[in-house]
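The structure appears right after this line, and notes come after that.
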Amino acid sequence: MTYLDGVSAGGGGWEPLGQPYFDNSTKREATAAVGQPAYLHCRVRNLADRAVSWIRKRDLHILTVGVHTYSSDARFAALHADGSDEWTLRVAPAQPRDSGAYECQVSTEPKISLSFRLTVVVSKAEILSGPELFVRAGSDINLTCVAKYAPDPPSFIYWYRGEQVVNYAQRGGISVETEQRTRTSRLLIARAAPHDSGNYTCAPSSSESASVIVHVLSGERPAAMQSSGSTPPRMDRVILASVATVSAINQPKPWLLVPITLLAQYLSVITIVLITVLAHTIVIVSQKIFSR
């Protein structure tokens, strides 16, 4: 190692001689599932007698100083082994509200700091076939479950039918293949029969479960699953038919035309007679008045 003007050229680049500095090879982003512990690792070289603190950047709250916790939330703790350069912030159990930025701070003058980001996710299982599956009797039930957003591979993934664990003792032809690396489990039930119908649930060890309703049909598939040969009526034809129906209702009926015509003629005659009588009365009254 060479020295120049108070700095040293080490494997990680130029560093202040004898001053604390961060090991930037440390991973600065972490993901944890809800309910599981979350860890942020800060590695400081040449710390000497300085202190390392963890700060929550959202509210600038000091969480830990050294190995002491300065938060009323007991979920936060600082982990450090004597002689180690690593200072770890642990949040256990992690909650969604813990997502955000944190800062590892060293009490130099001026202070030096390094930002970290924690993401807390809800780990959920997903059955790739969807919420409902229709299977013909005699064919296979093939279900695939993935534990999404699980930061670590699940230690187990159980399959249930109703409230009972699906196992090989129930009947032959059942197989379960679980791949922890890909967080995937496959359930195969060969030669399905109607009594294999039911609610199947995939339950990983550290994720929320997922369910699918399986229908094993001994006859034809339901109408909703069939492709009908008949062409559905076009919407414009339906609208035209509706308009024609309304128009037909509003048109006067032929059997009503004759009574309506007769009634109109009768009212006209009565009106003429009344007008004639009224005029004749006015004439007679006028003659009597002028004859006086």
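The values are calculated or read from the model by the stated rules, or taken from the named source; none is laboratory data. What you are looking at is a predicted structure, and each value in this text was computed from that prediction instead of being measured. With ideal geometry, Cβ positions are generated from the backbone for all residues, glycine too; neighbour counts draw on all protein chains shown.
Structure values in brief
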{"read-out": "Residue, modelled with the lowest pLDDT, within the stretch 140-156, restricted to residues that are farther than 25 Å from Ala193 by Cβ and in a strand (DSSP E or B)", "value": "Lys148"}
{"read-out": "The stretch 99-121, residues that are surrounded by fewer than 16 Cβ atoms within 10 Å (Cβ to Cβ) and either closer than 13 Å to Leu63 by Cβ or assigned by TED's automatic domain parsing to the domain that holds Arg183 (or both)", "value": "Gly100, Ala101"}
{"read-out": "Entirely in the stretch 65-122, the strands (runs of 3 or more DSSP E) that have 2 or more residues that are under 27 Å from the mean Cα position of the chain (by Cα) and more than 21 Å from Arg43 (Cβ to Cβ)", "value": "112-121"}
{"read-out": "Subset of the stretch 188-209 [among the small types (Gly, Ala, Ser), in a strand (DSSP E or B) and surrounded by fewer than 19 Cβ atoms within 10 Å (Cβ to Cβ)]", "value": "Gly198"}
{"read-out": "Only one of Gln36, Gln19 that is under 30 Å from Ser209 (Cβ atoms) and at pLDDT below 95", "value": "Gln36"}
{"read-out": "Residue ID - surrounded by the fewest Cβ atoms within 10 Å (Cβ to Cβ), chosen from residues in the stretch 38-56 that are assigned to a strand (DSSP E or B) and of a type in the set (D, E, K, R)", "value": "Arg45"}
{"read-out": "Filtered residue count, the stretch 151-170, keeping only those that are touching a residue at least 12 places away in the same chain (Cβ under 8 Å) and either touching a strand residue (DSSP E or B) at 6+ places or on another chain (Cβ under 6 Å) or surrounded by fewer than 17 Cβ atoms within 10 Å (Cβ to Cβ) (or both)", "value": "12"}
